[in-house]
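Here is the structure we will look at.
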Amino acid sequence: MLLGVNIDHVATLRNARGESEPNVFEAAQICINSGANGITTHLREDRRHIKDDDVFNIRKNLDCKLNLEMAVTDEMQEIALKLLPDACCIVPEKRQEVTTEGGLDVFSQKEKIKNFIAPLLEKGIKVSLFIDPDENQVIASHYTGANFIELHTGAYSRAFNTEKEEQEFLKLKKSAELAQSLGLTVNAGHGLNYINVSRMHEIIGLNELNIGHSIISKAVFIGLKDAVKEMLSLIK
Ligand code: PXP
């Protein structure tokens with residue numbers, strides 16, 4: 001499995017002081033030099049962590065696979081078409097949420113999502129849809145022409161080590177199998193940490209994990225390089 005490191009939380013820390021440290025570009029560089037397969041950033045409508053300059057700076061000055069997470073808005077589409085990241089992961093976004101709480105409802109807005117991602121696909125950007133592990137969402141995602149889905153692992157992560165773990169894990173496994181049978185590449189992320197990540201190996205053919213909070217949290221104690229390397233050793 002590949003590892004995309006989500007560096008949003010480095011920006012959150014930087015923004016707490018409104019100055020330049022910790023440096024987001026340097027964080028991205030360390031992740032890549034430590035073996036991460038890509039950098040993931042969520043450019044939110046309110047710019048609460050990552051800012052436009054961060055993503056353009058990474059795109060211009062760091063040779064890495066850049067995955068831009070973004071909401072279905074005209075503004076974000078315009079930015080993506082200028083930035084030309086390697087991949088865009090389309091996510092739902094609510095101002096009040098602390099983090100991306102659920103998957104994108106592709107099922108009830110198939111045509112809208114299809115039209116929204118078409119110009120991105122035309123420019124050669126790979127498009128991923130961040131969805132809950134649900135059969136209808138997988139089938140709808142396939143309909144839109146997206147290349148990938150990213151399965152929201154938040155419910156599984158919260159259920160880990162409880163009686164609900166198996167149920168949540170099976171939703172992920174079945175959704176991944178269905179998506180793969182339709183020709184979609186399957187990624188996963190949200191809430192994964194150094195312990196619950198172990199079961200991702202049971203999902204055959206999983207392509208990439210996008211992990212942020214647990215890696216940046218561990219980096220506070222052991223440094224970013226070792227935090228990335230330790231996660232890589234668990235998922236390879
Ligand atoms: N993937 C997507 C689409 C996300 O929105 C997020 C959170 O921003 C992540 C992965 C990473 O989640 P976490 O920070 O919990 O590892």
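The values are calculated or read from the model by the stated rules, or taken from the named source; none is laboratory data. Predicted model, so just to flag it, every value in this text is computed and none were measured. Methodologically, a virtual Cβ is constructed for each residue, glycine included, from the backbone with ideal geometry; neighbour enumeration extends over all protein chains shown.
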Restricting attention to region 98-122, and to residues there that are part of a helix (DSSP H, G or I) and of a type in the set (Gly, Ala, Ser), which single residue is nearest to Leu68 (Cα to Cα)?
Ala118
Criterion violated by Ile32 - all others in (1) surrounded by 18 or more Cβ atoms within 10 Å (Cβ to Cβ); (2) in a loop (DSSP other than H, G, I, E, B); (3) away from the ligand (no atom under 15 Å from the Cβ) satisfied
(2)
Of the criteria (1) in a loop (DSSP other than H, G, I, E, B); (2) over 15 Å from the mean Cα position of the chain (by Cα); (3) within 14 Å of the ligand (Cβ to nearest atom); (4) surrounded by 14 or more Cβ atoms within 10 Å (Cβ to Cβ), which one Glu45 fails:
(4)
In the list Phe130, Phe169, which residue meets the criterion of being under 20 Å from the mean Cα position of the chain (by Cα), closer than 17 Å to Gly102 by Cα, away from the ligand (no atom under 15 Å from the Cβ) and not charged (D, E, K, R)?
Phe169
Name the residue that is nearest to His142 (Cα to Cα), counting only residues in region 75-103 that are of a type in the set (Val, Ile, Thr) and at pLDDT below 95.
Thr100
Say whether the condition of being in a strand (DSSP E or B), within 12 Å of the ligand (Cβ to nearest atom) and either surrounded by 20 or more Cβ atoms within 10 Å (Cβ to Cβ) or modelled with pLDDT of 95 or more (or both) is met by at least one residue in region 60-68.
yes
Do any strands (runs of 3 or more DSSP E) entirely within region 123-236 hold 3 or more residues that are out of contact with any His (no Cβ under 9 Å at 6 or more places or on another chain) and buried (at least 21 other Cβ atoms within 10 Å of the Cβ), and if so, which?
126-131
It is to be established whether one or more residues within region 104-126 are within 16 Å of the ligand (Cβ to nearest atom) and hydroxyl-bearing (Ser, Thr, Tyr).
no
Listed by first then second residue, the pairs whose first member lies in region 210-234 and is farther than 25 Å from Val91 by Cα and within 13 Å of the ligand (Cβ to nearest atom), whose partner is in a helix (DSSP H, G or I) and modelled with pLDDT under 95, with beta carbons under 6 Å and at least 6 positions apart or on separate chains, are none
